[in-house]
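Please read the structure below before turning to the comments.
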Amino acid sequence: MDEKNVIIVGAGVAGIAMAHTLKHKLGVTDFEIYDKSGGIGGTWRANTYPGCGSDVPVHLYSFSFNLNPDWTHALADQEEILRYIEATVDKFDLRSHFRLRQECSGAKWDGKQWIVSFVDHNTGRTTTKRCRILLTAVGGFSRPRRTKFPGMEGFKGRIFHTAEWDHSFDYTGKRVAVIGNGCSAAQVVPSIAPAVQSLTQYARSPQWYHERPNRTFSTFDKFCFRYLPLWQRWHRLDLFLQTDELATVYGPSEEQVRKRRAIEETARQYIYRETPKKYHSIIVPDFPLGCKRRIYDPGYLESLHHEHVELLPEGLQRMTENGIVSESGDEREFDAIILATGFEVSAFLTPMKIIGKKGQSLEHQWQENRGAQAYMGSFVHNHPNLAVLFGPNTFPAFNSVIYSIEVQVEYIARTLIEPIMDGYSDVIEVRQEAEAKSIRELDEVLQTTVFAAGCSNWYINKAGRNSAAWPGLASSYWKATFFTKWQDFTMEGGSSTWLVKQGWRRLKYAGSHVLLYVVATAAAAYTFQRPAVLSALVSG
């Protein structure tokens with residue numbers, strides 16, 4: 001049975017961010033990353049539907065350790081983001097650590113380490129590996145929400161989820177239905193509307209839409225990002241502060257309410273200006289801004305002006321062999337039904353079966369506590385040496401997920417990985433009372449925000465708890481995790497020589513960088529034929 005120091009489950013941005021920290025900040029190379037798909041990229045590989053892209057400015061929605069001066073637009077599309085992710089993996093020599101088409105079916109703690117099971121999708125065989133530290137990085141957007149409708153199995157046309165787009169289906173000249181009206185629906189509808197014969201969207205609840213300026217970066221912009229010192233860093237910081245400011249209007253104070261209503265009015269006027277009058281009575285929400293994730297309009301509202309595009313503010317009663325019967329009894333025939341129904345965001349780690357130290361599954365433990373919860377979104381009691389990347393309550397309401405992931409990666413590295421790698425401890429686990437206290441305090445804050453305003457959103461799980469959102473600014477998550485509260489953890493084992501091991505690990509890591517510097521400088525001296533520089537380097 002193979003044994004590794006660290007196993008990461010998930011090859012999306014969280015897994016990549018952790019891999020970079022392990023290899024290039026901690027000097028740890030004995031790790032592997034497993035993913036059920038055939039490629040790297042996570043949600044940006046799975047979601048290939050027409051119009052798919054980021055609604056967070058891409059200079060912010062990117063890795064801090066690999067800024068890209070060559071983005072084409074402020075809001076990048078899926079293909080450009082995936083190319084960037086692949087390039088990041090190659091730039092930092094991470095590809096050899098990935099094991100693809102290997103689905104993690106579960107893991108069990110044996111008292112000292114994790115025994116992790118995988119299903120090889122190439123052969124169908126099950127393999128088992130051991131590791132000292134298990135990190136899950138599957139994210140909340142890995143499993144499409146499987147909405148079931150009466151008669152669904154009998155529909156004779158094509159039916160598929162946006163996250164499983166059927167590229168063999170040519171929608172040109174076809175009658176298409178779209179179920180849902182979240183971000184993916186708002187991107188799909190205007191993208192396919194010009195080509196279809198008819199498009200009917202079933203949307204039970206309205207959304208807050210906002211203008212979506214998407215600046216094209218010029219050659220001069222790219223030159224400045226690449227060559228002006230700190231220019232791109234400043235641009236990124238400015239974007240972060242502007243984006244984080246959006247979260248300041250979701251609380252209960254008079255000032256926050258006043259700001260929120262002002263933004264709502266601006267959005268309302270934008271929606272009325274862009275939408276046909278026949279939809280004005282149904283398209284503006286009656287719930288407060290932020291209760292659902294805001295949508296920056298990618299041309300969706302304008303597409304509603306097409307005569308062959310219709311928005312129906314109702315759900316489905318059932319599906320038939322040839323189409324859909326709506327809640328009001330309206331029956332229509334379709335060639336294809338597209339499910340833009342989102343993801344099982346609150347079903348963290350499903351369908352993996354993680355068995356902790358007491359023989360109880362993590363899923364069962366969470367079911368007894370109103371759904372998924374974790375200390376700082378990372379650690380769960382009864383599950384030592386385990387950390388959940390992009391875990392419960394780490395989603396920044398409207399800021400960059402990658403920022404929050406990088407913050408969490410640094411926290412997990414400092415709190416779990418370094419102490420074990422250095423021999424300070426063999427087993428680290430968060431205390432149950434510390435976890436419960438942190439969740440209790442978090443829930444009290446969440447109850448005062450717009451997330452709890454009563455609308456139907458994906459933040460709230462089946463037990464009625466908000467298991468997804470972080471309640472404040474994205475920067476406040478950084479503050480909350482900046483210092484590790486060691487009293488909240490128990491530790492077992494370790495070595496009295498841990499300081500020596502820590503010093504040796506850091507020296508090796510620093511030494512490799514010094515060697516790279518020497519080689520690079522010597523090469524430069526040789527290339528430009530500057531013997532004096534080379535002589536000075538060799539002589540010290």
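The values are calculated or read from the model by the stated rules, or taken from the named source; none is laboratory data. The structure presented is a predicted model; accordingly, all values stated were derived computationally and were not measured. In this analysis, Cβ positions are derived from the backbone assuming ideal geometry, glycine residues included, and neighbour counts consider all displayed protein chains. Surface areas here come from the heavy atoms of the whole protein model, side chains and all, with no ligands, DNA or RNA. Shrake-Rupley method; radii C 1.70, N 1.55, O 1.52, S 1.80 Å.
Hey, which of these cross-link pairs are over 28 Å Cα-Cα: K23/K437; K292/K358; K23/K108; K112/K485; K174/K278?
K23/K437; K292/K358
Over the Cα atoms, compute the radius of gyration (one decimal) and Dmax (the largest Cα-Cα distance, rounded to a whole number) for region 403-491, in Å.
Gyration radius and largest Cα-Cα distance of region 403-491: 15.4, 49 Å.
At a 1.4 Å probe radius, which order do E164, E211 fall into by accessible area, largest first?
E211, E164
Say each of A480 and E344 gets a label point 7 Å from the Cα, pointing the same way as Cα to Cβ; how far apart are those two points in nm?
2.5
Run the helix sum for the chain: -39,500 (n - 2.57) per DSSP H stretch of 4+ residues, divided by residue count, reported at 222 nm to the nearest 500 deg cm²/dmol.
Using -39500 (n - 2.57) per qualifying helix, the result is -10000 deg cm²/dmol.
Consider all pairwise Cα distances in region 349-480 and report the whole-number % of them above 27 Å.
Everything past 27 Å amounts to 18 percent.
Can you give me the solvent accessible area of S404 with a 1.4 Å probe, rounded to the nearest 10 Å²?
Number for this one is 10 Å².
Return the long-range amide H neighbours of F489 (sequence gap of 5 or more, or a different chain), with a cut-off of under 5 Å between placed amide H atoms.
R431
Quick one: compute a quarter of the convex hull surface over the Cα atoms of the chain and quote it in nm².
That works out to 29.3 nm², a quarter of the Cα hull's surface.
On average, how much area does the Cα convex hull of region 4-118 cover when viewed from any direction, in nm²?
Mean projected area for region 4-118: 7.9 nm², to one decimal.
Just need the relative contact order of region 311-371 here, percent rounded to a whole number, with Cα pairs under 8 Å and 6+ apart.
16
Please flag any cysteine in the chain that has no other cysteine's Cβ under 4.7 angstrom from its own Cβ.
For the chain, the answer is C52, C104, C131, C183, C224, because their Cβ atoms have no other cysteine Cβ under 4.7 Å.
Ignoring ligands, DNA and RNA, please state the percent of accessible area on region 147-291 from carbon and sulfur, probe 1.4 Å.
Taking all protein chains in place, region 147-291 shows 54 percent carbon and sulfur surface.
Ignoring everything but the protein chains, give the 1.4 Å probe accessible area of L473 in square angstrom, nearest 10.
60
Antiparallel as a % of all DSSP beta bridges within the chain, to the nearest 5?
Just about 40 percent of them are antiparallel.
Relative to the first principal axis of the alpha-carbon coordinates of the chain, what is the inclination of helix 78-91, with its axis defined by its Cα atoms, in degrees from 0 to 90 and to the nearest 10?
It works out to around 10 degrees.
Taking the Cα atoms only, what angle lies between the long axis of helix 254-274 and the longest principal axis of the chain, rounded to 10 degrees?
So the inclination is approximately 50 degrees.
Kirkwood Rh, region 98-253, all Cα pairs: how many Å?
21.7
What is the sum of charges around G157, taking Lys and Arg as +1, Asp and Glu as -1, for the other residues whose C-beta is under 10 Å from the C-beta of G157?
Computed value for this residue: +1.
Averaged across orientations, what area in nm² does the convex hull of the alpha carbons in region 1-63 project?
5.6
Quick one: pull the percent of accessible area on region 309-418 belonging to carbon and sulfur, 1.4 Å probe, ligands and nucleic acids left out.
Reported share for carbon and sulfur atoms: 43 percent.
Across every pair of different alpha-carbon atoms, what Kirkwood hydrodynamic radius in Å does region 384-438 reach?
Roughly 12.6 Å, rounded to one decimal.
If I ignore ligands, DNA and RNA and count only protein heavy atoms, how much of W366 is accessible to a 1.4 Å probe, in Å² to the nearest 10?
20
Along the Cα-to-Cβ line of Q432, 7 Å from the Cα, sits a label point; which residues in region 343-376 have backbone N less than 13 Å from it?
Within reach of a label on Q432: 357-360, 365-366, 368-369.
Taking amide H atoms as placed 1.01 Å from N in the peptide plane, list the residues 5 or more away in sequence, or in a different chain, whose amide H sits under 5 Å from that of I33.
Close amide H contacts, sequence-distant or interchain: I8, F98, R99.
Please report the relative contact order for the chain, taking Cα pairs under 8 Å with a sequence separation of at least 6, and give it as a percent rounded to a whole number.
Relative contact order, the chain: 18 percent.
Rg(Cα) of region 48-174 divided by 2.2 N^0.38 Å?
Taking the Cα Rg and dividing by 2.2 N^0.38 Å, one obtains 1.41.
Between K112 and S328, what FRET efficiency follows from the Cβ-Cβ distance if R0 is 56 Å, with the result rounded to 0.05?
According to the calculation, E is roughly 0.40.
Can you give me the pair-distance distribution of region 47-93, C-alpha pairs, 10 Å bins, whole percents?
Final binned percentages: 27, 57, 15, 0.
Round to the nearest 10 and give me the degree value, 0 to 90, for the angle of helix 401-412's Cα axis relative to the longest principal axis of the chain.
Between the helix axis and the principal axis of the chain, the angle is about 30 degrees.
Given region 117-179, what whole percent of its Cα pairs are spread farther than 17 Å?
Result for the distance tail: 66 percent.
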